[in-house]
Amino acid sequence: MIGAGQAGLSGAYYLRHAGLEPGRDFVVVDHNTGPGGAWRHRWDSLTTETVNGVHALPGMPWAAPERPAPVNSAVPAYFAAYEREFDLRVHRPVSVRRVREGAGGRLLVETTAGSWSARGLINATGTWERPFWPHFPGRASFLGRQLHTADFAGGAEFAGQRVVVVGGGASAVDMLLELVGVASSITWLTRRPLNLVTGPFTPELGRASVAVVADRVRRGEQPGSVVSATGLYLPPELSRALDDGRIVLDRVFDRVTPEGVAWYDGRFVAADTLLWATGFRPSVAHLGPLNLRESGGGIRVDGTRAVADPRLHLIGYGPTASTIGANRAGRSAVRQLEDRLGGFRAADAAPLAG
């Protein structure tokens, strides 16, 4: 198992539930220095009250703190308790250098902590470590500060600044809420018109959205953003800020200049900071030696199984990237892997000497 975020811990739980012993029959490695997955990297002012939602891991309820607490401490504490409760013995910090063909039909997983030979592999590396920075002419010439969602630490440091936010997803919404009333001016720029959700996010809408992303990965395309399938909900505070002009919404610029952003029609917006809420890409470079990528740029996946190599399952990828989807994917991957292997047995993941 590579990764110990929501998806990875879910998969590890179901491996335990199938009767496997951590450290003997399976191994979980994680790049982070401690529990929490991507949650541990969110900004302090994103709390359990304001965050989009924290979903319970299988077998252990999530109990939100009585008072709002930063998710970057509350969720890692929950994940740490979960690892202890089910004795998952996560190895960290461990980076996976590459996964390649090994001996006897096994996969060879090479890491900074040694190598393992495995009959099957569940990859749950998520996207946080691969922020996407789009190319725009002149971006390197900008004299102000440029940050990605992955670098954002809260709105307070932008007090009195002219800020341009680029991107039309949930991360942009979170950052804009932090900036209202703090920045001197806020310009929000998106590539295409916002696909707004006006009503509640129903189970039917959720299933339809998952189906869209699942179809992409079945064709071997990049999964794409969740918002492109689900639509975007604007909190009332953000809607009011757009209505009264505290936030100016427009289409994305054509080029970056040293002092701001510009359009070919002559328009210009001065900026002190560019915030790139332009999403993330799946962190799967270590799987490169297996030659899984399709012409569409993605890994073709059927459910959780990599079509090009059925020994490999990807969870937290594409339609299983949500917290709820990650739990279901962990269970599905373990069941499918067990079926393919004809049952689990001891030493399905064996360390190699040297």
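The values are calculated or read from the model by the stated rules, or taken from the named source; none is laboratory data. Bear in mind the structure is a predicted one, so any value in this text is a computation, not a measurement. Backbone-built Cβ (ideal geometry, glycine too); neighbour counts: all protein chains shown.
Just a few scattered comments:
- Residue match in the range 12-31 (condition: loosely packed, with under 15 Cβ neighbours inside 10 Å, not in a loop (DSSP other than H, G, I, E, B) and not hydrophobic (A, V, I, L, M, F, W, C)): yes
- From the list Thr273, Thr304, the lone residue that is touching a residue at least 24 places away in the same chain (Cβ under 8 Å), on the phi < 0 side of the Ramachandran plot and under 18 Å from the mean Cα position of the chain (by Cα) is Thr304.
- Test for Ala80: is it touching a residue at least 12 places away in the same chain (Cβ under 8 Å), touching a helix residue (DSSP H, G or I) at 6+ places or on another chain (Cβ under 9 Å), closer than 26 Å to Arg331 by Cβ and among the aliphatic types (A, V, I, L, M): no
- Check on Thr230, at pLDDT 90 or above and among the polar types (S, T, N, Q): no
- Scanning the range 141-162 for residues that are within 28 Å of the chain's Cα centre (by Cα) and part of a helix (DSSP H, G or I) returns Thr149, Ala150, Asp151, Ala156, Glu157, Phe158.
- Within the range 253-264, the presence of a residue that is among the aromatic types (Phe, Trp, Tyr), in contact with a His (Cβ under 6 Å, 6 or more places away or on another chain) and in contact (Cβ under 8 Å) with a residue 12 or more places away in the chain is excluded.
- Identity of the residue in the range 99-113, surrounded by fewer than 21 Cβ atoms within 10 Å (Cβ to Cβ) and among the β-branched types (Val, Ile, Thr), that ends up nearest to Pro310 (Cα to Cα): Thr111
- Selection status of Gly224, surrounded by fewer than 18 Cβ atoms within 10 Å (Cβ to Cβ), at positive phi and modelled with pLDDT under 95: yes
- Odd one out for Ser141 among (1) farther than 27 Å from Ala170 by Cα; (2) among the hydroxyl-bearing types (Ser, Thr, Tyr); (3) surrounded by 15 or more Cβ atoms within 10 Å (Cβ to Cβ): (3)
- Only one of Trp116, Trp133, Trp128, Trp188 that is hydrophobic (A, V, I, L, M, F, W, C), crowded, with 16+ Cβ neighbours inside 10 Å and in a loop (DSSP other than H, G, I, E, B): Trp128
- Residue in the range 102-119 that is over 20 Å from Phe344 (Cα atoms), in contact with a Leu (Cβ under 8 Å, 6 or more places away or on another chain) and not aliphatic (A, V, I, L, M) present: yes
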